[in-house]
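Inspection log for the structure reproduced underneath, given as structure tokens.
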Amino acid sequence: MRLIGLAGWSGAGKTTLLTKMIPCLQRRGISVSTIKHAHHAFDVDTPGKDSWQHREAGAQQVLVSSGKRWALLTELREAPEPELGFLLGRLSPVDLVIVEGFKRDAHPKIEVYRSANAKPWLHPTDQAIVAVASDTAPPNARHWVDVDNAEAVADAALRHAMDVAAWRN
């Protein structure tokens, strides 16, 4: 498995870009999984449903399965947030894992930047940023692609992705 991240400030378009990149990569025969970092509590099950009631009752993990998909929910219950390496170990093998968020971690990342966001650039102080996808030329970027060209960003992702095992070492 190889790893690349998309990092940027809220509102930069990371999710929009990611949802355009996945089909580009799949057309090339590349299997993709994603890990998304959230800065707040979130629900993936519906309040009132059985799985939600199990979790609310105190279950540490709740696995929901159907003929279409399965999902494993784990409640941290005040335990520390797991590190990216731990989360990667929970995924089934694929060709490429794209991480959205975790911008403070040291995995290879593509900075997603929109000038209308009026936020500071990340790449000048983050050596793990290997490329920038933006709507304007970034200062001193090693590799720049147009944020609105998902094929070009997919190319950059493949060029700069790192083997997960090598990254962990």
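Every number here is computed from the coordinates shown, using simple stated rules; none is lab data. Note that the coordinates shown come from a computational prediction; the quantities given were computed from them, not determined experimentally. Virtual Cβ from ideal backbone geometry, glycine too; neighbours counted across all protein chains shown.
Summary of values
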{"quantity": "Among (1) part of a helix (DSSP H, G or I); (2) in contact (Cβ under 8 Å) with a residue 40 or more places away in the chain, the one test that Phe102 misses", "calculated": "(1)"}
{"quantity": "Residues of the stretch 4-47 classified as assigned to a loop (DSSP other than H, G, I, E, B), surrounded by fewer than 17 Cβ atoms within 10 Å (Cβ to Cβ) and of a type in the set (D, E, K, R), total", "calculated": "2"}
{"quantity": "Unique match (being in contact with a Lys or Arg (Cβ under 9 Å, 6 or more places away or on another chain), of a type outside the set (Gly, Ala, Ser) and in a helix (DSSP H, G or I)) among Val132, Val153, Val112", "calculated": "Val153"}
{"quantity": "Matching residues in the stretch 3-35 - criterion: being charged (D, E, K, R) and within 9 Å of the chain's Cα centre (by Cα)", "calculated": "Lys14"}
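Residues are listed down the side, and each one gets a yes or a no for (1) polar (S, T, N, Q); (2) closer than 15 Å to Leu25 by Cβ; (3) buried (at least 18 other Cβ atoms within 10 Å of the Cβ); (4) in contact with a Ser or Thr (Cβ under 9 Å, 6 or more places away or on another chain):
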| site | (1), (2), (3), (4) |
| --- | --- |
| Gly85 | no, no, no, no |
| Gly89 | no, no, no, no |
| Val94 | no, yes, no, yes |
| Arg104 | no, no, no, no |
| Lys109 | no, no, yes, no |
| Pro120 | no, no, no, no |
| Ala131 | no, no, yes, no |
| Thr136 | yes, no, no, yes |
| Asp146 | no, no, no, yes |
